[in-house]
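Chemist: Below is one structure. I have some questions about it.
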Amino acid sequence: MGEMFQAPKGTRDILPPESHRWQALVAVFADVIGRAGYGLVQSPMFEDIGVFQRLGEGTEVVRKEMYDFHDKGDRHLALRPEGTASVVRAFNQHRPTVPWKVWYLTPCFRYEEPQAGRFRQHHQVGAEAIGSADPDLDVEVIALQHDFYRVLGLSRLSLRLNSMGSPGDRQAYAGLLAEWLARRSGDLDEADRANAAGHPLRVLDSKRERTVAVVADAPRITDCLSDEAATRLDRVRSGLDALGIGYEIDPGLVRGLDYYTHSTWEFAAGDLTSAQNAVGGGGRYDGLAESLGGRPAPGVGFGAGIERILLAADAEDALSQPSAAVDVFVVDVTGGDSGRDLTFELRRNGISSDRAFDSRSMKAQMKVADRSGARLALLVGPDELASGTATLRDLRSGGGQIALARTDVVAEVAARLAGG
RNA sequence: CGGGCCGUAGCUCAGUCUGGUUAGAGCGCCGGGUUGUGGUCCCGGAGGUCGGGGGUUCAAAUCCCCUCGGUCCGCCCA
């Protein structure tokens with residue numbers, strides 16, 4: 001045997017039965033979001049690195065964690081670290097009618113050290129609504145994300161909301177904050193000083209003790225909003241109130257990407273310890289389309305991390321693993337023709353079924369049938385073959401079995417399954 | 001990028017401190033328990049170059065060094 005390969009560091013194989021939970025989660029998302037008029041977008045897993053660099057020079061995701069490479073044509077590309085940038089690039093490229101409401105399911109790649117709830121490849125579902133500045137769209141998107149979690153059964157999540165204001169507000173506030181931080185530079189944690197001048201908003205996001213203490217008294221963005229931005233925030237708040245969605249305003253909430261304007265928010269799981277408790281977040285990004293070379297177009301959206309959601313679901317004992325058992329298991333000890341034909345006859349009539357392979361003994365096949373979780377077994381041995389019948393056995397009630405003419409099998413099985 | 005813990009059968013682990021005959025257990029898997037029938041029980045079997053490399057020694061899963069991986073904390077983020 002040669003070298004045994006394994007999944008690269010920080011990546012995981014999601015196998016059955018664990019993958020059944022993924023399917024269930026994605027199905028819930030597609031349902032919740034699809035019924036709000038959002039359509040699926042599939043776009044490339046890699047893009048010109050410039051697409052992602054516009055996410056913000058101040059962010060770790062762009063500065064240090066990008067999975068970038070040069071292809072054989074010497075194009076500088078990167079695997080997507082998040083979902084929004086590709087969607088906005090696609091919006092610019094195709095100019096769909098607005099508001100363009102779409103959702104996605106995608107792996108995201110970040111080169112960092114793995115730990116609990118953090119991988120080099122993780123997965124997000126998300127939604128974006130591009131081409132409208134209506135704050136009611138912020139409300140819609142937040143509410144859809146909220147409802148998604150709720151339908152999954154997550155009840156112990158908290159929502160923090162902030163406004164970064166208009167691009168002008170944001171810039172003015174950043175200047176004000178940089179000045180304020182400069183006067184207290186000595187009190188900041190050393191690791192945060194570098195950001196204080198160039199990316200002051202990031203300092204608000206620091207969790208270092210010294211910095212947190214200093215920043216507690218910093219000027220707040222919510223006190224610096226223009227009338228227009230303040231009005232928009234009020235509209236978002238009243239929308240959430242009307243829909244019965246609880247939240248708290250957190251002026252210190254600065255999300256990991258630089259492109260946000262106006263609304264930003266984050267859902268956190270109280271049950272998850274420490275740092276990796278964010279199960280999703282989003283915001284409005286009114287300048288992003290333009291910075292990617294398109295015409296100005298406002299947009300709003302969110303991303304939600306599947307691995308984090310599943311961790312939160314574990315902590316809350318929610319989203320149990322759905323059963324993947326088939327209804328019928330076909331056992332054939334006469335060579336396999338009947339097994340092959342019966343399973344497909346059932347399947348083509350909408351009845352889920354499986355069978356054993358490799359011509360094993362009846363005892364062995366019955367074990368497989370039991371393990372499969374099937375409710376009914378159909379047995380074909382020499383007697384049945386000779387008489388053109390199949391034996392139907394109930395595997396749950398431990399009990400009886402009856403002989404069925406081959407022509408009656410589908411109808412009888414369907415009746416049994418329907419009858420409970 | 002800084003730090004702690006851990007790598008022995010498919011899985012969960014014992015054995016490592018106090019080197020020494022063919023490296024163990026449970027679960028899982030495969031086969032059998034006479035007359036074609038699972039779930040309980042009994043019997044048997046397959047499966048490991050003890051993460052990899054180097055060193056010390058008569059002798060290394062066990063001691064030392066390096067390396068790769070896993071896991072967790074910080075930071076950052078989903």
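The values are calculated or read from the model by the stated rules, or taken from the named source; none is laboratory data. Being a predicted model, the structure only gives us computed values, none of them experimental. For neighbour counting, all protein chains shown are included, and Cβ atoms are generated from backbone atoms with ideal geometry for every residue, glycine included. Heads up: the accessible areas ignore ligands, DNA and RNA and are worked out on the full protein's heavy atoms, side chains in. Shrake-Rupley method; radii C 1.70, N 1.55, O 1.52, S 1.80 Å.
Chemist: If A:THR407 meets every condition in (1) more than 15 Å from A:LEU346 (Cα to Cα); (2) open to solvent by 70 Å² or more (accessible area, probe 1.4 Å); (3) not small (Gly, Ala, Ser) apart from one, which number is that one?
Modeler: Unmet condition: (1).
Chemist: A further question on this structure: Pick out the one residue from A:LEU346, A:LEU311 that is part of a helix (DSSP H, G or I) and under 30 Å from A:TYR38 (Cβ atoms).
Modeler: A:LEU311
Chemist: Of all residues in segment A:226-271, how many are at pLDDT below 95, assigned to a loop (DSSP other than H, G, I, E, B) and among the aliphatic types (A, V, I, L, M)?
Modeler: Looking only at that region, the number is 3.
Chemist: Please go through segment A:189-240 and give me each residue that is among the polar types (S, T, N, Q) and under 28 Å from the mean Cα position of the chain (by Cα), ordered by number.
Modeler: Once the filter is applied, which keeps residues that are among the polar types (S, T, N, Q) and under 28 Å from the mean Cα position of the chain (by Cα), segment A:189-240 yields A:SER206, A:SER238.
Chemist: OK, next. In segment A:353-394, which residues are of a type outside the set (Lys, Arg), farther than 21 Å from A:ALA405 by Cβ, part of a loop (DSSP other than H, G, I, E, B) and open to solvent by 30 Å² or more (accessible area, probe 1.4 Å)?
Modeler: A:PHE357, A:ASP358, A:SER359, A:SER361
Chemist: Now a separate question. Find the strands (runs of 3 or more DSSP E) located wholly in segment A:58-145 whose residues include 2 or more that are open to solvent by less than 10 Å² (accessible area, probe 1.4 Å), and list them.
Modeler: Because the criterion is at least 2 residues that are open to solvent by less than 10 Å² (accessible area, probe 1.4 Å), the strands (runs of 3 or more DSSP E) in segment A:58-145 that meet it are A:100-109, A:121-130.
Chemist: For segment A:282-293, does any single residue satisfy the condition of being under 23 Å from A:LEU40 (Cα atoms) and near RNA strand B (Cβ under 10 Å from one of its atoms)?
Modeler: yes
Rundown of residues vs (1) of a type in the set (Ser, Thr, Tyr); (2) touching a Phe, Trp or Tyr at 6+ places or on another chain (Cβ under 8 Å); (3) free of Cβ contacts under 8 Å to residues at least 24 places away in the same chain, yes/no style:
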residue	(1), (2), (3)
A:GLY39	no, yes, no
A:GLN42	no, yes, no
A:GLU47	no, no, no
A:ARG63	no, no, yes
A:ASP71	no, no, yes
A:ASN92	no, no, no
A:VAL98	no, no, no
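Chemist: Among the listed residues A:PHE302, A:PHE329, which satisfies the condition of being in a strand (DSSP E or B), in contact with a Phe, Trp or Tyr (Cβ under 9 Å, 6 or more places away or on another chain) and either more than 30 Å from A:ALA133 (Cα to Cα) or of a type in the set (Phe, Trp, Tyr) (or both)?
Modeler: Going through A:PHE302, A:PHE329 in turn, just one is in a strand (DSSP E or B), in contact with a Phe, Trp or Tyr (Cβ under 9 Å, 6 or more places away or on another chain) and either more than 30 Å from A:ALA133 (Cα to Cα) or of a type in the set (Phe, Trp, Tyr) (or both): A:PHE302.
Chemist: Just a yes or no: is a residue in segment A:314-323 within 31 Å of the chain's Cα centre (by Cα) and within 14 Å of RNA strand B (Cβ to nearest atom)?
Modeler: Yes, some residue in segment A:314-323 is within 31 Å of the chain's Cα centre (by Cα) and within 14 Å of RNA strand B (Cβ to nearest atom).
Chemist: For A:TYR173, state whether it is in contact (Cβ under 8 Å) with a residue 24 or more places away in the chain, farther than 30 Å from A:VAL28 by Cα and of a type in the set (Phe, Trp, Tyr).
Modeler: It is true that A:TYR173 is in contact (Cβ under 8 Å) with a residue 24 or more places away in the chain, farther than 30 Å from A:VAL28 by Cα and of a type in the set (Phe, Trp, Tyr).
Chemist: Would a scan of segment A:197-219 turn up a residue that is in contact with a Ser or Thr (Cβ under 9 Å, 6 or more places away or on another chain), acidic (Asp, Glu) and in a loop (DSSP other than H, G, I, E, B)?
Modeler: Looking through segment A:197-219, none of the residues is in contact with a Ser or Thr (Cβ under 9 Å, 6 or more places away or on another chain), acidic (Asp, Glu) and in a loop (DSSP other than H, G, I, E, B).
Chemist: Moving to a separate point now. Looking at segment A:169-188 only, could you name the residues that are small (Gly, Ala, Ser), under 34 Å from the mean Cα position of the chain (by Cα) and open to solvent by 40 Å² or more (accessible area, probe 1.4 Å)?
Modeler: Those that are small (Gly, Ala, Ser), under 34 Å from the mean Cα position of the chain (by Cα) and open to solvent by 40 Å² or more (accessible area, probe 1.4 Å): none in segment A:169-188.
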